[in-house]
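Working notes for the structure below.
The values are calculated or read from the model by the stated rules, or taken from the named source; none is laboratory data. Keep in mind that this is a model prediction, so the values were computed, not measured. Every residue, glycine among them, receives a Cβ derived from its backbone with ideal geometry; neighbour counts consider all protein chains shown. These area figures cover heavy atoms from the full protein model, side chains too; ligands, DNA and RNA do not enter into them. Shrake-Rupley method; radii C 1.70, N 1.55, O 1.52, S 1.80 Å.
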Amino acid sequence: MGSGIAAHLANLGFEVTLLDLSAESVKAAFERAKSARPPHFFIPETAEKIRLGSIEDNLSWAVEADWICEAIVEKMDAKRTLFERLDGLISERTAITTNTSGLEIQLLCEGRSESFKRRFMGTHFFNPPRYLKLLELIPTDGTDPAAIAAMTHFLEDKVARRVVHAKDTPGFIANRFGMWAMFHAIHVTEKLGLSIEQVDAITGPFLGRPRSASFRLNDIVGLDIMQDIAANLTERCDHDPYMANLATPKSMQFLLEKGWIGDKVGQGYYRREGKEFVALDLNTHAYRDRQDVNLDYLSSIAKEPLGQRVGKALEMHNEAGEFLRHHLVPVLKYARYLKREISHNVLDFDRVMMWGFGWEQGPFAMIDSIGHQKFDVPQPFYVDSTLRSFDGKYVFVPSEPQYRQIADYPIVDSRPTFNVRDLGDDVRAISTTTKMGTISPALLADLDDWFVGQTGAFVLTSEAKHFSLGFDLKWFLDRMEQADFDGINEGLKLLQNVAVTLSKKRIVSATFGYCLGAGLELAMQCPQMVSLADSQIGFPEVKVGLFPGGGGTSELGLRAQAHGAKGVVDATKNLAIGAVSTSADHARQLGYLRSEDLTVYHPERLITEAREAAKQVRPSERPSWVLPTGPLVGMIDQALQDLHGKGTLTDHDKHIAEKIKTVVGKATSFEQALELERSLFVELCHNALTVARVKHMLETSKPLRN
């Protein structure tokens with residue numbers, strides 16, 4: 001956990017020192033962090049910026065720190081011993097936190113100086129820190145309120161966290177309630193004789209939860225971690241009448257005895273075999289092929305709002321209804337029992353489950369959405385912009401404009417394919433409404449028409465789960481099968497024209513999730529891109545038998561010219577292999593982002609940061625097209641031949657790459673490069689291998705290497 005926190009802070013640009021017991025142990029822990037999956041670091045080079053040391057030899061370095069984030073073993077004595085050594089060593093300006101999932105914060109600072117106590121508080125990061133935004137912040141009775149306020153502001157403004165202030169109670173909010181709910185799902189599954197696949201089909205997206213659902217989540221967290229947290233809660237919460245639920249379920253006991261504790265050892269409730277998972281049979285305790293569960297009766301209502309569909313499922317006389325009545329109802333009842341003891345209000349409680357566990361709604365919002373009367377709750381917990389406090393009065397939910405999402409802004413104009421929203425400060429957002437941000441001729445025509453005569457500052461973004469998955473492949477396939485190659489050329493010309501229009505406007509693109517293909521071609525023509533840190537950006541067109549034909553090849557080639565012949569060769573290789581970044585930092589290495597493009601590290605501040613950027617952005621002149629001197633085409637030929645020889649490129653990949661080479665290596669102007677893009681793209685659309693790739697992707701969502 002300490003390495004994960006260090007990696008997250010280094011990703012954000014902080015100077016980070018990581019200490020462990022010895023030089024050997026810190027190196028071992030750091031090697032694990034560098035090889036972690038999913039990766040802790042945006043790019044591998046960031047790891048080299050972290051200074052490593054040992055507590056025994058280098059604890060004096062702590063005097064340099066603005067923040068000491070202790071994350072050693074979860075043992076009270078070990079932590080207190082370390083704090084005793086730090087107390088007289090550190091500067092008066094240094095903040096001190098202990099990262100723990102449940103130890104009592106007040107006890108950890110007993111015996112420390114008053115100065116230490118004023119600056120001391122608990123943090124509960126969620127693992128892995130790069131991906132999970134929640135942080136529970138736990139002050140003690142002696143923590144200075146000013147220190148709490150300063151740390152909260154710092155964590156939210158600079159460390160990309162959403163902070164919930166939790167009470168210093170066992171397990172805080174997340175583990176006290178969340179772990180109870182996880183154990184409860186296992187007990188009910190065993191009691192009802194259901195399979196783990198059935199329960200995961202019920203408790204995943206249908207219930208407004210991540211795809212990891214229940215049993216995959218158990219494996220990700222680790223059964224040993226779950227048992228340790230349960231034991232700690234059971235020991236410290238003997239006043240809680242519901243603690244019996246944390247007894248180890250039969251299936252978990254079996255897996256623990258075998259050492260099959262989850263993902264960290266490769267098997268738990270599921271075991272990975274190659275690219276597939278096998279599942280544990282809860283009756284035989286043997287692994288078997290994973291069963292495909294088709295709950296048609298849930299699928300038929302899955303698109304309804306969460307509360308409506310769950311309310312209907314609770315009334316069903318089948319395995320889903322039975323499970324939800326035995327599991328969800330008691331879980332929501334337990335939240336009501338706990339709320340006053342562990343949280344300051346129901347909003348904090350709900351936010352922990354949403355931000356830390358990925359729930360669409362926390363327990364109290366879910367009670368309201370299903371119908372509070374069905375749970376014998378006399379009044380809703382939320383009414384408009386207010387929440388019901390523990391004394392029964394409704395109080396306003398604090399305004400947090402910096403975290404507003406695109407759907408929170410008013411629509412002032414619309415077209416069939418996008419909305420225009422007022423972001424304030426004379427900035428408007430053009431937010432696409434197509435499925436997965438798909439770029440289609442209809443969207444391009446709407447944009448082309450709408451932008452005529454428009455002035456002011458704009459943000460280009462999407463209302464889908466991703467900025468854009470690229471151009472509508474079905475449209476291309478239809479044109480290919482109808483031999484409408486003139487139509488394809490006109491579609492590409494429209495895409496290029498809209499991209500050129502964007503380049504001349506005061507507009508930034510706000511990208512997130514996938515930003516691919518034609519979506520990237522539009523985004524990168526905006527004078528500035530503003531991208532969430534985990535954006536996956538790139539041109540994967542070669543994998544469907546094509547290459548960027550809406551200006552992307554020309555733009556990437558033009559940008560690469562500033563880096564000489566090698567830059568153009570590298571750009572060609574990236575296009576040839578369909579390289580897609582794993583992060584915005586990686587995208588900058590690949591040439592998809594420029595130095596003037598911005599990275600937003602806080603997952604909920606993209607629109608706010610993009611609006612501020614739009615207020616300042618101005619279009620600039622496109623650089624002249626000047627090919628590097630020297631044997632550029634020969635260098636590209638050699639690079640492509642090497643990739644082909646290694647098997648990285650198939651024969652058809654290389655054929656496509658030759659066309660990319662023509663655009664970036666032989667065009668004499670940007671305008672000619674655009675014309676070559678279209679003509680060579682249309683040539684590929686005649687090719688049977690390309691048609692086969694497009695069909696295969698549409699049918700299977702997987703690339704065909706033919």
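Annotations for the structure displayed:
- Residues located in region 1-24, provided they are in contact with a helix residue (DSSP H, G or I) (Cβ under 8 Å, 6 or more places away or on another chain) and assigned to a helix (DSSP H, G or I): G2, S3, G4, A6, A7, A10, N11, A23
- Any hit, region 642-661, residues being closer than 26 Å to L460 by Cβ and of a type in the set (G, A, S): no
- Test: residue in region 253-265 that is modelled with pLDDT of 95 or more, in contact with a strand residue (DSSP E or B) (Cβ under 6 Å, 6 or more places away or on another chain) and more than 23 Å from I173 (Cβ to Cβ): yes
- Enumerated helices (runs of 4 or more DSSP H) restricted to region 507-586, each holding at least 2 residues that are among the charged types (D, E, K, R) and under 29 Å from P38 (Cβ atoms): 564-577
- Residue satisfying all of: in region 260-280; in a strand (DSSP E or B) and in contact with a Leu (Cβ under 9 Å, 6 or more places away or on another chain); nearest to T189 (Cα to Cα) among these: L280
- Apart from one condition, D66 fits all of (1) under 23 Å from F126 (Cα atoms); (2) surrounded by 12 or more Cβ atoms within 10 Å (Cβ to Cβ); the exception is (2).
- For E609, the criteria (1) open to solvent by 60 Å² or more (accessible area, probe 1.4 Å); (2) assigned to a loop (DSSP other than H, G, I, E, B); (3) touching a residue at least 40 places away in the same chain (Cβ under 8 Å); (4) of a type in the set (D, E, K, R) hold in every case but one, which is (2).
- Region 271-296 - residue that is surrounded by 15 or more Cβ atoms within 10 Å (Cβ to Cβ) and out of contact with any Gly (no Cβ under 9 Å at 6 or more places or on another chain) and, of those, farthest from Q227 (Cα to Cα): L295
- Taken together, R37, R85 contain a single residue that is modelled with pLDDT of 95 or more and open to solvent by 80 Å² or more (accessible area, probe 1.4 Å), which is R85.
- Only residues that are of a type in the set (G, A, S) and closer than 16 Å to L460 by Cβ were counted in region 408-426, giving 1.
- If you go through region 165-192 and pick out every residue that is surrounded by fewer than 19 Cβ atoms within 10 Å (Cβ to Cβ) and closer than 17 Å to L328 by Cα, you end up with 3.
- Some residue of region 473-492 being in a loop (DSSP other than H, G, I, E, B) and open to solvent by less than 10 Å² (accessible area, probe 1.4 Å): no
- Residue within region 232-244 that is of a type in the set (A, V, I, L, M), part of a loop (DSSP other than H, G, I, E, B) and open to solvent by 40 Å² or more (accessible area, probe 1.4 Å) present: no
- Elements of the type strands (runs of 3 or more DSSP E) sitting completely within region 401-450 and holding at least 3 residues that are exposed (fewer than 15 other Cβ atoms within 10 Å of the Cβ): these cover 411-415.
- Of everything listed in (1) open to solvent by 30 Å² or more (accessible area, probe 1.4 Å); (2) farther than 18 Å from A6 by Cα; (3) not in a loop (DSSP other than H, G, I, E, B), the single unmet condition for F116 is (1).
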